[in-house]
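Participant: Supplied in structure tokens, the structure appears directly below.
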Amino acid sequence: MALGLLAVSAAAPFVLLALWSVGRDWFYPAVFPPKFTAESWRDLLSGERLLGATATSLVLGAGTGAFACIAGLPVGRSLARLTGWRRHAGAALAFLPVAAPPIALATGLQFSFLRLGLGGTLVGVLLAHAVPAIGYGSLYFLGVFAVFDSRIEEESRSLGATSRQTFFHVVLPLLRRPLADAFALGFLVSWSQVPLTLLVGGGPVRTLPIEVFSLVQSGQDRLAATGALLLLVPAIAALAATRLAASRTEVMAV
Amino acid sequence: MRGGGWAAALVATPVAVGVTYSLAAATGLAGYGAGGFTLDRVERVLGEAAVWESFLWTVRTAALATLIAGAAAVAAAVGFRGSSALDRTARALAVLPLPVPHLIAATTAVLVLGQSGLLSRIAASAGWLAGPADMPALVYDRGGIGLILMLGWKEFPFLALVAFSVLATRGAALEDTARSLGAGPWQRFRRITWPVLWRGLAPAAVAVFAFAAGSYEAAALLAPSDPQALPVLTLERYTDPDLARRGDAFVLTLLALALAAGAVLLHEWLRHRVERLDR
């Protein structure tokens, strides 16, 4: 029974949003929609609004994922070399942009972005998303390198390889899965972001979550549900593709 | 400072910039209508009843959501800790919604828990309600029930994941020893499983609390307009048509960042404690 509850709870958003995105004339108190229509999905595929927002979100997501990897890896690695309270202090610093409410980050940073001429630009929003994403990436790689056996690096060095060679030809290939995971993590941070995009992006930068958010607020249930499903599926797929085993995330979670 | 320290400081720099600017704007050193250092605005905002109601309401809502998610995570971890197919399926299902964005969870909650939402319709079909007006308010309500449920649902997979991991890596040996010494299941739970579990979960619970308290979109879609959740109040002041009031948002930002910083410190301190247990 508990298993059934978990299954229902996990499936609920998919099923409900799917129903809402195709229901027609679904008025109170009908529990199921009386008619179905592919209208909003047709609009989606041919229209500008949701599709354009999706494209923007994909670009931002990919960029943010890249930041999480490229900046997170070296930070996490050097954090893992610390021990004791120093490591905890370092982790706390890296955790700050993660735990800070995005709305607070946005209000605090918007002035700087405006001064740098990045307000209302895609680049500006990307950099804004990168702030928490790099934090997530750093913490993630801290976990990875905390259990990484560095003897393999020592062996490589003792066989005559330089630091660079060791990093690129020995360490990096071993980190393919963690890199994919970190990329997915950064992607997700950007993909679901609302406040940072709202404030730093201003009006011009419309991402999928922003569109869905305004659709829900204006009560356009069917379109909102369609956009929400569009937002949901890649999120689940991204994580399913990169980390299935719970054991993998023990490193990060514990 | 060794390399790691500098690297971490770099990661935290944007937060430092945000704090610095917020401090300046809150004390009249920067921003619209800045006339030199003054604590007037800070005093005024911190003296507003609406602000403290908002802060306390936000903290209470996030705490309740964390408690619910935590209790469910403990139940799931203890109930499904075996290695049978059933247990493994249950654990996978529990963790599945992990990447669902707050926005999606909130959207679904609005559609399900709203006055004319799915729950209301099911109740009406069963004859318990006459119409949408009879449905008890679960969204935009002072109790924040809908928001608490949604946040609890959203944070459960993460806490469950941590709980599963904690049980799998710690305590198994202790429990076996206790069993061989004759301890019954309730005794084992009370003296070994639960202490191990809550200590392992504590840091994650603090993190979850911080995320729940800081979520803008969830509050915007589900929270009442009185008292307002802190993230929503912040944005409202920030975009206030009265430009002179906009500076208030920076005091609120500092409040929110202080809460987050406190959570971070608590989190790391708890992890430090837990690691000492491992040795």
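Rule-based calculations on the coordinates, nothing more; no lab input. As the structure is a prediction and not an experimental result, all values here were calculated from the model. Cβ atoms come from the backbone with ideal geometry, glycine included; neighbour counts cover every protein chain shown.
Participant: For chain A, count all C-alpha to C-alpha pairs, find those more than 35 Å apart, and express that count as a whole percent of the total.
Facilitator: Across chain A, Cα pairs with separations above 35 Å total 28 percent.
Participant: Please average, across the residues of B:153-165, the number of beta carbons from any other chain that are within 10 Å of each residue's own beta carbon, and give a whole number.
Facilitator: That works out to 3 on average.
Participant: From the phi angles alone, apply the Karplus equation (6.51, -1.76, 1.60; θ = phi - 60°) to the range B:153-164 and give each ³J(HN,Hα) in whole Hz, x where the residue is Gly or Pro.
Facilitator: Per residue, the Karplus-derived 3J(HN,Hα) values read 4, 5, 8, 4, x, 5, 5, 5, 4, 5, 4, 4 Hz.
Participant: Starting with the highest mean, order A:12-21, B:48-57 by the number of other Cβ atoms within 10 Å, averaged over the residues of each peptide.
Facilitator: Listed from highest to lowest mean packing, they are A:12-21, B:48-57.
Participant: Given contacts defined as C-alpha pairs under 8 Å and at least six residues apart, what's the relative contact order of the range A:37-253, whole-number percent?
Facilitator: Taking the mean separation of contacting Cα pairs over the length of the range A:37-253, I get 33 percent.
Participant: Under the definition of partner shielding as Cβ atoms of other protein chains within 10 Å of a residue Cβ, what is the mean value for peptide B:202-211?
Facilitator: 2
Participant: Turning to a different aspect of this structure: Based on alpha-carbon atoms only, what is the radius of gyration of chain B relative to the globular estimate 2.2 N^0.38 Å?
Facilitator: Here the answer is 1.21, to two decimals.
Participant: Taking 8 Å as the Cα distance limit and 6 or more residues as the minimum spacing, I'd like the relative contact order of chain B as a percentage.
Facilitator: Normalised by residue count, the contact order of chain B is 26 percent.
Participant: Hey, can you rank B:268-276, B:29-37, B:160-168, A:199-207 by average C-beta count inside 10 Å, highest first?
Facilitator: In descending order of packing, they fall as B:160-168, A:199-207, B:268-276, B:29-37.
Participant: Using a Förster distance of 35 angstrom, determine the FRET efficiency expected from the C-beta separation of A:Val15 and A:Leu122, and round it to 0.05.
Facilitator: 0.55
Participant: Okay, which of the range A:166-197 sit inside 18 Å, backbone N to the point 7 Å along the Cα-Cβ direction of B:Leu10?
Facilitator: Backbone N within reach: A:167-168.
Participant: With viscosity set to 1.002 mPa s and temperature to 20 °C, compute the Stokes-Einstein D of the range A:1-142, Rh being the Kirkwood radius across alpha carbon pairs; µm²/s, no decimals.
Facilitator: 113 µm²/s
Participant: A further question on this structure: I need two numbers for the range A:113-254: Rg to one decimal and Dmax as a whole number, Cα atoms only, in Å.
Facilitator: When restricted to the Cα atoms of the range A:113-254, Rg and Dmax are 19.6, 66 Å.
Participant: A:Arg81's amide H: which non-local residues (gap 5+, or another chain) put their own amide H closer than 5 Å, with H modeled 1.01 Å from N in plane and none for Pro or chain starts?
Facilitator: Residues meeting the amide H criterion: none.
Participant: Taking every pair of Cα atoms in the range A:98-143, average 1/r, invert it to obtain the Kirkwood radius, and report Rg/Rh to two decimals.
Facilitator: Value, to two decimals: 1.04.
Participant: Scaled to the compact-protein estimate 2.2 N^0.38 Å, what is the alpha-carbon radius of gyration of the protein assembly as shown, rounded to two decimal places?
Facilitator: The protein assembly as shown yields a ratio of 1.00.
Participant: Mind checking the mean number of beta-carbon atoms from other chains within 10 Å of the Cβ atoms in B:106-118?
Facilitator: 5
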